[in-house]
Each structure stands twice: as C-alpha cells, then as structure tokens.
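One structure is given here, and the rest of the page talks about it.
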Amino acid sequence: MRTFALALVIGIAGCGGAQRGAAPARARFVITPDTARVYTDERFLGTGRVLDARPFETRTGTRRFTITADGYFPHDLEVELPSGTTTIELRLRPVPR
C-alpha cells in the first residue's frame with residue numbers, strides 16, 4: 001500500500017505507470033474535513049468519509065482529482081495510480097472569514 005501526505009497546494013505523483021493487463025488501481029482518500037467532495041473527470045466520486053472506507057477503483061495511470069468543501073479552498077491534484085491501493089491524505093485550507 002502506498003500513502004501520500006499532500007501539502008495544501010502541491011500536486012503529487014506516485015511511482016509506476018500504466019500497465020496493460022495490470023490489476024486495477026484504487027484511490028483511498030483521507031481528507032479533512034471528511035465531508036469534502038471528490039471529483040474526477042467532472043464526475044462526483046463520493047465524500048472523503050466514503051472514499052476512506054471504500055476506495056475508488058479505476059485503471060492504472062494518471063488521474064486528476066478536484067476536492068471541494070463548503071467553507072474551504074478547493075484543491076486540484078494529479079496522481080499517478082499504480083496497481084493496488086494508493087492512500088491520499090489531504091487537509092483542506094479554510095477560507096478566512
């Protein structure tokens with residue numbers, strides 16, 4: 001299992017590339033706040049709470065994600081997903097009041 005901790009404004013890339021016939025990739029999100037919404041290709045995947053318990057399964061390769069939550073700055077990131085589970089940890093930055 002791979003785990004990545006993310007800075008607030010820095011996208012990351014994991015090791016490995018897309019492989020033909022490889023086992024699927026899974027992206028597990030550990031997000032604060034856990035009510036944050038995760039999107040890829042403009043498609044809603046679920047909240048952080050859900051994607052922590054049930055990782056998003058996809059093909060291996062590069063994926064772009066957008067994470068949003070009310071009262072927080074949105075965060076975009078690009079991740080290279082190899083076969084297996086990759087854990088992405090992220091703490092969104094609150095919008096000043």
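Read-outs: derived from the displayed coordinates by stated rules, not from any lab. Computed from a prediction, not measured in an experiment: that's the story for all the values here. Counting neighbours? That spans all protein chains shown, and the Cβs are built from the backbone with ideal geometry, glycine included.
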Lys and Arg at +1, Asp and Glu at -1: add these up for the other residues within a Cβ distance under 14 Å of Ala69 and post the number. +1
Just add up the charged neighbours of Asp34: K/R +1, D/E -1, any other residue whose Cβ is under 10 Å from the Cβ of Asp34. 0
Amide H contacts under 5 Å for Leu45, restricted to residues at least 5 apart in sequence or on another chain and with H modeled in the peptide plane, are Val38, Tyr39, Thr40
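Using per-residue counts of other Cβ atoms within 10 Å, averaged over each peptide, order 39-48, 84-93 from highest down. Could you put the intermediate results ahead of the total?
Details: 39-48: 13.9, 84-93: 17.6.
Result, highest mean first: 84-93, 39-48.
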Report, by chain and number, residues whose modeled amide H sits under 5 Å from the one on Thr32, excluding near sequence neighbours (fewer than 5 apart, same chain). Leu90, Arg91, Leu92
Amide H within-cut-off set for Phe73, under 5 Å, with H built and near neighbours excluded: Arg93, Val95
